[in-house]
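What follows is a single structure, written as structure tokens, with notes after it.
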């Protein structure tokens, strides 16, 4: 199996690569994992991961500048695809950050700032996650804790996309997905046992592709 971790200059690429290496070992799979910006390698991969850290608008601009936005669109439509953190947010149409920013428009909805409350923003640290049944979430108990770092959260136009949520003043969509794609607001590569379980499940996942 070939897994492409898309390198567009934004993302904790070493941690994601290391997480997938551990997950492949956990799953007992032989996986060729490459951090790459080579369109040919990405398109030839069996599965694709889009990480991201920082501001949504900056990440989207850098993805376009690297000439990889159309590659992401193709992979999102055609392969098992995992977005992580800002790699989840830039799948959306637009966000509120920096007065408004554009996204890939692959998922209908917005990325909005947390409402004002007594809770600190950014939401940083470990939070419990509850989830619906899904092959990539198998073996993860209700209330398992995952590591979050974000000041904005997604609001999908279709609430059925929300596969898991975490409480932080509001119900934060922690995992969204449909068909062949999945995205997490938390960092599975930093979430120890349950994060590795999610990554291993993703490597084992064989969704029906249209």
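The values are calculated or read from the model by the stated rules, or taken from the named source; none is laboratory data. The structure presented is a predicted model; accordingly, all values stated were derived computationally and were not measured. In this analysis, Cβ positions are derived from the backbone assuming ideal geometry, glycine residues included, and neighbour counts consider all displayed protein chains.
Residues that are without any contact (Cβ under 8 Å) to a residue 24 or more places away in the chain and touching a strand residue (DSSP E or B) at 6+ places or on another chain (Cβ under 8 Å) within segment 101-124 comprise just one, 105. Here the strands (runs of 3 or more DSSP E) wholly within segment 151-196 that include at least 3 residues being touching a residue at least 40 places away in the same chain (Cβ under 8 Å) are 152-156, 170-178, 181-184.
Within segment 12-51, the set of residues being farther than 16 Å from residue 191 by Cα, in contact with a helix residue (DSSP H, G or I) (Cβ under 7 Å, 6 or more places away or on another chain) and part of a loop (DSSP other than H, G, I, E, B) comprises 29, 31.
Sub-6 Å Cβ pairs linking a first residue in segment 63-83 that is in contact (Cβ under 8 Å) with a residue 60 or more places away in the chain to a second residue that is assigned to a loop (DSSP other than H, G, I, E, B), at least 6 apart or interchain, are 68/8; 76/106; 80/180; 80/205; 80/207; 83/91, ordered by first then second residue. Restricting segment 18-29 to residues that are over 17 Å from residue 80 (Cα atoms) and at pLDDT 95 or above, the residue that is surrounded by the fewest Cβ atoms within 10 Å (Cβ to Cβ) is 28.
Restricting segment 82-99 to residues that are modelled with pLDDT under 90 and touching a helix residue (DSSP H, G or I) at 6+ places or on another chain (Cβ under 8 Å), the residue that is surrounded by the fewest Cβ atoms within 10 Å (Cβ to Cβ) is 98.
Somewhere in segment 30-40, is a residue surrounded by 22 or more Cβ atoms within 10 Å (Cβ to Cβ) and at pLDDT 95 or above? Yes.
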